[in-house]
Structure formats: structure tokens, C-alpha cells
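For reference, the structure discussed in these notes is given below.
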Amino acid sequence: MPDKIHLTVATVVEKDGQYLMVKETKGGRQFINQPAGHVEPGEDIIAAALRETFEETGWVVTVCGFLGISTYLADKTGVTYYRLTFVATPEYLDKGATIDEDIDIALWMSHAEIEDNREYLRSPAVLHCLDDYLAERIFPMEIFRNTL
């Protein structure tokens, strides 16, 4: 059963009313998601959020808040995803960064554009965490006790 549980991280990055998103193709279908990915064994979760954001978008960001934990069961695979979502501020775009192969494009989208494309969202967590962000339900980073 442990191979059916995945720990993932995601970031909500906002700049001028736009949100950093990625389009990625999985199983022949394109999805929209926040920069997100799996935590690697032995990896600090905050470091994972920074790494995944950079690898998928080329943006260097600073994590400044925590939005919460969400769960999602993928019907087709039976995999349960535990997603920790962070708030991050954009620092700069590294134009020389190599973007992950499975990312079609990184782009900035408004909340309305994201809502208008809800059928393409990777999971319900995409909108849920944006709603939490807009409602300012953001926990301070001091709640984490990292020892890695």
C-alpha cells in the first residue's frame, strides 16, 4: 500500500494579480496546475517546494506562508495524494533554467482565467488553495520544525 501514497508540494505564487501556473500533459491530456511535485526521500518539504517551482517554471521564489494540506484520490490510478501548499513570492526568473520535460509551458493566469478552465485543472486543490489564499487563510512558516 505505501506505493499508493504520494507526498507532494505546491506553491501559490502571485504577481500583479496573476498566478504562476503550469500546463502539463499527462496521459495524452493537458492539465493546469500550480508548480507542484513530489517530495523526494530525505528531502525537506520547503526545499522541495522551492525546487519544484524552479524546475517547472524557472522562477526563484521565497516561501513565506503555508496554506494547508489537501488530499486527493486519483480514480484511475488509486493513488492518494497528500499535498502541502505554500505561498511564495517571486524573486526572479532564471531565463537559462532547464524546465522539466513534462511541462508544456509556465504562464501567469488571473483567478478568473483559472476558474474558466476548471475542467483542465489537475485536481480540486488548485482552486481550493487559491480560495484560501484570497481569503488570507495563510499560516506562518514557524509552524514547521524541519530537522533535515
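The values are calculated or read from the model by the stated rules, or taken from the named source; none is laboratory data. Everything quoted here is computed from the prediction, not taken from an experiment. For neighbour counting, all protein chains shown are included, and Cβ atoms are generated from backbone atoms with ideal geometry for every residue, glycine included.
Taken over the stretch 55-76, the criterion of being more than 23 Å from THR147 (Cα to Cα), more than 12 Å from the chain's Cα centre (by Cα) and polar (S, T, N, Q) is satisfied by THR71 alone. When PHE86 is tested against (1) closer than 15 Å to PRO35 by Cα; (2) surrounded by fewer than 12 Cβ atoms within 10 Å (Cβ to Cβ), exactly one condition is not met: (2).
Is it the case that ILE99 is at pLDDT 95 or above and assigned to a strand (DSSP E or B)? In short, no. Restricting attention to the stretch 73-96, the residues that are part of a strand (DSSP E or B), modelled with pLDDT under 95 and of a type in the set (Ser, Thr, Tyr) add up to 3.
Under the condition of being aliphatic (A, V, I, L, M), surrounded by fewer than 17 Cβ atoms within 10 Å (Cβ to Cβ) and either farther than 18 Å from MET21 by Cα or touching a Lys or Arg at 6+ places or on another chain (Cβ under 9 Å) (or both), the residues counted in the stretch 54-76 number 3. Flag not set for VAL79, criterion: aliphatic (A, V, I, L, M), surrounded by 12 or more Cβ atoms within 10 Å (Cβ to Cβ) and either touching a Cys at 6+ places or on another chain (Cβ under 6 Å) or under 23 Å from ARG137 (Cβ atoms) (or both).
A Cβ distance below 9 Å, combined with a sequence gap of six or more or placement on separate chains, defines the contacts here; from the stretch 119-148, residues that are farther than 30 Å from GLY28 by Cα reach residues that are among the aromatic types (Phe, Trp, Tyr) and surrounded by 11 or more Cβ atoms within 10 Å (Cβ to Cβ) in the pairs TYR133/TYR19; ILE138/PHE66; PHE139/PHE66; PRO140/PHE66; MET141/PHE66; MET141/PHE86; ILE143/PHE66; PHE144/PHE66. In this structure, VAL9 does satisfy being surrounded by 17 or more Cβ atoms within 10 Å (Cβ to Cβ), at pLDDT 95 or above, in a strand (DSSP E or B) and touching a Leu at 6+ places or on another chain (Cβ under 6 Å). Taking the criterion of being within 20 Å of GLU119 (Cα to Cα) and over 13 Å from the mean Cα position of the chain (by Cα), the residues of the stretch 24-54 that qualify are THR25, LYS26, GLY27, GLY28, ARG29, GLN30. Scan the stretch 114-148 for residues that are more than 30 Å from THR77 (Cα to Cα) and surrounded by 14 or more Cβ atoms within 10 Å (Cβ to Cβ) and the total you get is 4. Set side by side, the residues ALA97, ALA47, ALA36 differ, and just one is among the hydrophobic types (A, V, I, L, M, F, W, C) and in contact with a strand residue (DSSP E or B) (Cβ under 7 Å, 6 or more places away or on another chain), which is ALA36.
Output the number of the condition that LYS15 fails; it satisfies all remaining conditions of (1) exposed (fewer than 13 other Cβ atoms within 10 Å of the Cβ); (2) modelled with pLDDT under 95; (3) within 21 Å of CYS129 (Cα to Cα). Going through (1) exposed (fewer than 13 other Cβ atoms within 10 Å of the Cβ); (2) modelled with pLDDT under 95; (3) within 21 Å of CYS129 (Cα to Cα) one by one, LYS15 breaks only (2).
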